[in-house]
Every structure is written in structure tokens, then in C-alpha cells.
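The structure under discussion appears below in the form of C-alpha cells.
Values quoted throughout were computed directly from the atomic coordinates according to the rules given, and no laboratory measurement underlies them. Bear in mind that the values here come from a model prediction, so they are computed numbers and not experimental data. FYI the Cβ positions are ideal-geometry reconstructions off the backbone, even for glycines, and counts take in every protein chain you see.
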Amino acid sequence: MNHTSNLQTRIKRHYRNRKMQSHLWGYFFLLPQMIVILLFALYPILQGLSLSFFEYSVAGSTWVGAQNFIAMLKDDVFWIALRNTTIYTILIVPGGLVVALILSWIIFPLSPKTQSFFKAAYYLPSVLAGVVLALVWKWILDPDIGLLNYLLSFIHLGPYPWLSHPDTALVSLAMMSILGGQGASIIIILANMGAIPESLYESARIDGGNPWHLFRFITIPMLKPTILYLLVIGVISSYQVFDTIYIMTGGGPYYSTTTIAYLIYSSAFDEFEFGRASATATVLFIIIFILSMIQFYFFREDKK
Amino acid sequence: MIKRMNMKTILISIIMVVLISATACGKSASPTASGNKETGNTATGDTATGEKAAEPTDLTVWWYAFWNGKDGTPEGWIREKADEFMALHPNVKKINIEMLPGDTGPQKIDTSIAAGSPPDVTYIDLAFLPKYLKQKVVIPASDYMTQEEIDDFFKSLSDYATYDGKLYALPILIAPRVLYANKTMLEEMGLADKLPLEGDRSWTIEQFKEIAQKFPYKKGGKTYYAEQINTTALNWTHLFWFWNFGADLYNKGDTQFILNSPEGVKALDFMLEMVDAGSFRLVSGGAKPSDFWAGDLAFSLGLALTEDKVKETLKEKTPEGQPIPEVVAIQFPRGPGVDIAKSYSGIGGLTVFKQKKADENHTKMAMEFAKFLTNGENNKIVKELGVFPTKKSSGDVFGGDVNAKIARIMMEDGKDLGKGEQTYKIFEKLINAELDSAFSKKKTSQQTLDDLAKKANDMLKQ
């Protein structure tokens, strides 16, 4: 009995070693990426996490326990920033997805050449730096010399202080993101639309389905995993929005565009409160981590 | 087997190297590196002279394009001074000069401090000195200066850079503000005769209102405003209205924020009235400010420039095809019960930052260079910028210039943004953001200022 058990253990070890040996090259090729992740992602995350428990000073740091977190939670601006970030996310993620779906739906039936033109046209802004886009949109939304107010003046509307009033500033930023930032989503949706079997559409047409029926009952269900992916990725990136805020509004007016990522920057570099900034970053990390877990959960469900 | 062993060895070696590198990075970035402590504790003045003073060293200086050198380039002046200094101190082998852009230079300094690698010497706006003191990165200049050297600064200026009895920066320029008026625009509107151009050019808010209420002025499809209230980023020119209505940011000693006084409320009501009437343009959030020097506004607060410098600026900024307007400097209008117009003077100075691995000789040479740049003779160069030197020994550099005279009058009762550890935070984080709540009609003036005062006083208690 004991002999059999030993034999089984040895066989198991042998196969494990064989498996390990055959996978070793795979691990070896993964190593460069692991090194990059370790150095430029994991290490800064751990360093940031540790910093959130210190009052940081270049001359020396002092352990302050949870004080930075308490100060952050007591700060009204933190809650405003969290609210703004959530509103921004709620506005741009579903809004952007709807825009991307509609545009993809319009582009998809076109000839491959025309498709390529539109794909390139919509993707072009994604190639540009966010700062450049922000500057262009800042001009479009300028209350005095902006293109948007100029166009509205033809129908006797405005001028509106798009970025200068607390009621319109965040919505203006969301509008910019919805209209100008869907290039990548369109490419992904179009690629996945191409993978939907044509036979499904043919059957639906035979059964009397109109274009709306085809879109509603075939395209959307078949794109469910893609939509889910875009939703979650969109939520994660919108929670980290910083560059457009920094360039276009500086978090104002009256904190109306202060987001969590902007607050982190402002605490660290305007106030030199690196500990509190790290505490806020830790909270942002937790929020994004939870959202990522939701992503994994939904993908797993989808696989089932 | 051997192959597997080799592979394992390679993997383990690589992982070890990565981990060791990461740990090494951690240590070098650690703020508790011993170099700081050594530099900080040994910064005690003349103790490092003698043998160590002769040790060769290099310095790093970050500078702005303030004025040109003999070669006509912005970096020319600092380069010439660096060469002169190295001739006087042969042990300083090299002075590395890096020119900072005016708009993002302060950010670069902040980032370098955060990263633990600031320059040896740089120029800063002294309003932000407390921020750097909190980080314990500034070396006290007074430890390296004689009392006679300190006394050569105008007292109000050295006081401004003194904390806990130690001078932490060497003031190099004082830039008082005056109000400029576009006389040509006002002449077109038939209002120029209402400007106070006689005597000391002082006037009242009521006189100013007589002109301002004629705005907005529309011409050629463009709208012109009397003034602008700019609450974006770190703008503070609207504080002049508070100060000249008799309100103050802080009590004496900066222990309490008191802008919600009746005078403060009156000032904010006045600004709201002007914005609502369209006389003043509100610049907040992402709006682009108007440019007075390009002819967009009738009045604007600005650095006190000499008459020649004003002409030069106008020539440079006036859009092509437009006639160059006449611009005059006047005092800021005074509110009821205010006898002398209040001004704010930006004071710029040189700081010497602690270095992780610097020895005493290096620190001493950095301080000597800062002293050299601010000595009575070199300090006269600030005239090129149209601002005032900070050393008594520099003398009167502007002679009888009218604008300089107006600036000197307004310098008599100067205001500042506060000197406490929290005051710069209150300025950077609270004031403009909270004032926006009044300008966007979310709150009344009284509510806005009361809420601002409550938050500011909470911060002061921290």
C-alpha cells in the first residue's frame, strides 16, 4: 500500500517536472514583460501604498498610520471628486458606447475601402496626445471665440460659458470625450461585427426582420462580450481621467470638474501632500481593482 | 538535467537581479537617505572654510529668461555671472545652467524636489517659500551671511523671507503692481477725462465705477470689457478689490482668515455687480483670459513697468494692423474709508536647496553663488525687467520715471497672500474655487465668504 502510494507520488512528480520543463521556455519568454510589470507597475503600486501611511518629506518621512486616509475622508473635495468622477463615468461610458455602436452600425455595411477611411478618421484622435485634443476642444468650447458658440449663434442661441460654469463644465468635458474618443471602440466593434455569421442575418431577413430587428436581436446579443469589455475598460479609464481636466479646467470652476486623478495630482504637486495623495491613489486603486474583478466575473459568466 | 539546471540558474539569476535593482531603486528614492541629514545639520556657516573650501565642485543652477546678457540671449546674463563667479572661486569647476520655461518652471522645481534631486540654486516666487520649507529642503541663507549682508536687503523684504529667525532666501527683485488704463480706448468712448492723471494718480471706487459702468463696449463685432475677474489656477488679481475695499485675508500673525468681514462682502458684491452688468468679464474654469496688452480690456493690474518698458510691451503685443494705444499707470481705486491704495508686490528670490550627497563645501559654494547674484551691483539688472532691486546698495535705478513713482506709493501698504505653513494651501486650494460659487450664483457673497472662512480657518488649525 505504502509502496503504491510512493510510486504514485513519484509518477506525479515526474509528470509535473516534465510539464514544468516543457513550459519553461514559455516562462522565459514571459520574463521581460514580468520584469517591466514588476519594475514599473508593481513596485510603484507598493511604494505608493506604503507612502500613504507616511507624512512624506524629502528630508525624511514620518509614520502617521491611517491619518492620511482620515484626512482624505474628512475632506469635502474628496467626496466632490468622487461624485464628479462617477458622474463623468456614467455620462461617457454608456454615451460613448451608444455613439460607437451607432457609428459602427452605419460604417459596417460600407465597402472595405470606405470602411477603412472611416476607421482611420475615427481612430485618428486616439493617435494624438490627449493634451493636443484638449487644446483643440478648449478652443471649440471657448465662450468668446469658440466654434460651438459661433455655430449656435446662427440659430440665435448662446453664447454659453461651457467650461466656465459649474453646471456645464463637467458635461462639456463628457461631451468632448463622447464625441472625440470613440475611435478604438469603433475599431473593436467593427472587427467583432465582421465575426457575426451572415447566415443569422439571412434567416432573420427570411422571417421578415427589418434592419432595426437585425440590430436589436442579432448584432447586439452577438456583440455582448465586446460591449461588456468596452464598458469595463471604459469605466476603468474614465476613473483615471486627468489630462483633459488639467488642460481644460484645472478642476474648476467651484470644484465642478475636480476628479479623483486630478485631486491626487493637486494634493501631491500643489500642496506637497504626498502622503494624502498616495492615500487617495490607494482608494482609486481599490475602486479600479473592484471594477476589474467585476470584469473578470462577467467574462467568466460569459464563458459558462 | 544539466540543461534544466542551466535554465533554472538563468531564471533565478535574472529574478535576483531584478529584485536587487528594485530594492536599490527603493533605497535611492527613499527620503530617509543619510545625505540629507548630514547636509542639513552641518549647514552652519563659516565652519567649512579653509581646506574644504578649496575642494573642486560643480553647481547646478536653474534660471528663467528674465533679461538678456551682453550676447543678447536670455541665458547670456546668468552664463556671464557664472563665469565671473568661477573666476573668483577657482574651486568651482563648472556651473551647469538650465533655463526654465516661465509657465512650467515652478512645476519642474516642485517635481525635482519630490524626486529628491532639486538644483543647487534657483529662483522662486517667495510666496511659495513655505511650501518648500515644509519639505525641509531649503538651506537657511542666514547661516552663511554676515548681519551686514542681511541688513543690505530692504527690511520688509528680508522679513518676508525669514521664518523662525532665519533667512531662507535671498530676495532679488520686488515687483509691485499698479493699475494700467488703456487711455486710447477710453478717449474713443469719451471717458479719458475721468482718469486720475494728476498728482499721485489716486482715485476712488466711485470714480472708477463712472467709467466701468459704460462697459461692455462693442466695436467692430468685438466686445471690450473694463476689467476681468480671473479665478482660474493661481490668479489672485481680484484680491486687489478685497484689499482696496479695506478687507484682509488674515489677521495680524496670520492666525485667522478674516476675508468674510463686512468690507470683504462689499468687495465681492461690487465684483458681482460689475460681472452681472457685463462691465467685467468673468474668467473661470476653462475660459481663456483677455489680454489687456493686446487691447482687449480698458483696465488691468500688472507689474509696475517703466514708461519705456510699457511702450516696448505694447509694441510687442499689439496685433498687427492695429494702432499702438497709449497706456497709463494709475493707482488702484480705493473703497470707502481706505486712505492709501493697497498693492501686492511679488517678491522673487534665490534659494539654495539641500542635496543628498553634497558636502559642506558644495553647499557653501552654492550659497556664495546666490549671494553673488544678489549683491548690490548685480541686483541692478532687475531694472531690465522694469522691477525694483532688493538691495539698498543698488540705489535708485529708475530715476524720475512716473510709473516707478506710482509703484513706490503703492508699495507703502503692501499686502501678501499669508506667510503661514497653511496659507499657501488656502490660496492654492480654496480661495478661487470658493469664490467661483458666488460668481456662478450658487451662493450669496456672505455665504461664500463665510464658507471660505470656515474652511480656511479649519485648515489653519491643522
Just list whichever of B:Lys252/B:Lys415; A:Lys74/B:Lys454; B:Lys252/B:Lys454; B:Lys94/B:Lys134 have alpha carbons separated by over 20 Å in the model shown. B:Lys94/B:Lys134
Using θ = phi - 60° and Karplus 6.51 cos²θ - 1.76 cosθ + 1.60, couplings along segment B:326-334 (whole Hz; Gly, Pro as x): 8, 10, 10, 9, 9, 6, 6, x, 9
Taking 8 Å as the Cα distance limit and 6 or more residues as the minimum spacing, I'd like the relative contact order of chain B as a percentage. 24 percent
Label-point separation (nm) for A:Ala195 and B:Glu188, each offset 7 Å from Cα along Cα-to-Cβ? 6.3 nm
Return the long-range amide H neighbours of B:Tyr344 (sequence gap of 5 or more, or a different chain), with a cut-off of under 5 Å between placed amide H atoms. B:Arg177, B:Lys415
Just the number, please: Stokes-Einstein D of segment A:147-304 in µm²/s, Kirkwood Rh from C-alpha pairs, 4 °C, 1.567 mPa s. 68 µm²/s
Over the Cα atoms of segment B:178-285, Rg to Rh with Kirkwood Rh, two decimal places? 1.01
Mind putting a number on the dipole of the protein assembly as shown about its Cα centre? Charges go on the C-beta only, +1 for Lys and Arg and -1 for Asp and Glu, and I need it in Debye to the nearest 20. 4240 debye
Taking 0.36 nm per residue of separation between B:Asn457 and B:Asp200 and subtracting their Cα-Cα distance, the length gained on full extension comes to 88.7 nm
Can you give me the pair-distance distribution of segment B:313-462, C-alpha pairs, 5 Å bins, whole percents? 1, 7, 9, 10, 12, 15, 14, 13, 10, 5, 2, 0
Sequence ranges B:124-131, B:186-193, ranked by mean other-Cβ count within 10 angstrom, highest first: B:124-131, B:186-193
Extending each Cα 7 Å along its Cβ direction at A:His213 and A:Asp243, get the distance between those two points in nm, one decimal. 4.6 nm
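Enter the mean number of other protein chain beta carbons within 10 Å of the beta carbon of each residue in B:130-139, as an integer.
Whole-number average of other-chain Cβ neighbours for B:130-139 is 3.
Can you list, largest first and rounded to whole Å, the semi-axes you get for the protein assembly as shown by taking the square root of 5 times each eigenvalue of its Cα gyration tensor?
Semi-axes from the Cα gyration tensor: 53, 40, 24 Å.
Based on the inverse mean of 1/r over its pairs of different Cα atoms, what is the Kirkwood hydrodynamic radius of segment B:225-355, in Å?
16.9 Å
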With a 10 Å radius around each residue's Cβ, average the other Cβ atoms per peptide and rank B:59-69, B:214-224, A:60-70, highest first. B:59-69, A:60-70, B:214-224
Connecting every pair of Cα atoms under 10 Å apart in chain A and solving the GNM, the largest mean-square fluctuation among A:Met72, A:Met20, A:Met193 falls on A:Met20
Nearest 10, in degrees from 0 to 90: the angle of helix B:105-114 to the longest Cα principal axis of chain B is 40 degrees
Given 10 °C, 1.306 mPa s and a Kirkwood radius over Cα pairs, the Stokes-Einstein diffusion coefficient of segment A:2-51 in µm²/s is 115 µm²/s
Provide a whole-number value for the mean count of partner chain Cβ atoms within 10 Å of the Cβ atoms in peptide B:429-440. 5
Along segment B:253-269, what does the Karplus equation 6.51 cos²θ - 1.76 cosθ + 1.60 (θ = phi - 60°) give for ³J(HN,Hα), rounded to whole Hz, x for Gly and Pro? x, 6, 9, 9, 8, 10, 5, 7, 6, x, 5, x, 5, 4, 5, 5, 4
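Please state the relative contact order of chain A as a whole percent: Cα pairs under 8 Å, 6+ residues apart?
Contact order relative to length: 26 percent.
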If R0 is 35 Å, what FRET efficiency do you get for A:Ile102 and A:Leu73 from their C-beta distance, rounded to 0.05? 0.30
Helix B:307-317: angle to the longest alpha-carbon principal axis of chain B, degrees 0 to 90, nearest 10? 80 degrees
Given the convex hull of the Cα atoms of chain B, what is a quarter of its surface area in nm²? 30.1 nm²
Relative to the longest principal axis of chain B, what angle (0 to 90°, nearest 10) does the C-alpha long axis of helix B:445-461 take? 20 degrees
What FRET efficiency do you get for A:Arg205 and A:Met20 if R0 is 60 Å and r is their Cβ-Cβ distance, rounded to the nearest 0.05? 0.65
Find, among the trypsin sites (Lys or Arg not before Pro) in segment B:292-375, those assigned to loop by DSSP (not H, G, I, E, B) with at most 11 other beta-carbon atoms within 10 angstrom. B:Lys357
Using the beta-carbon distance between B:Thr444 and B:Ala277 and R0 = 22 Å, what value does 1/(1 + (r/R0)^6) give for FRET efficiency, to the nearest 0.05? 0.80
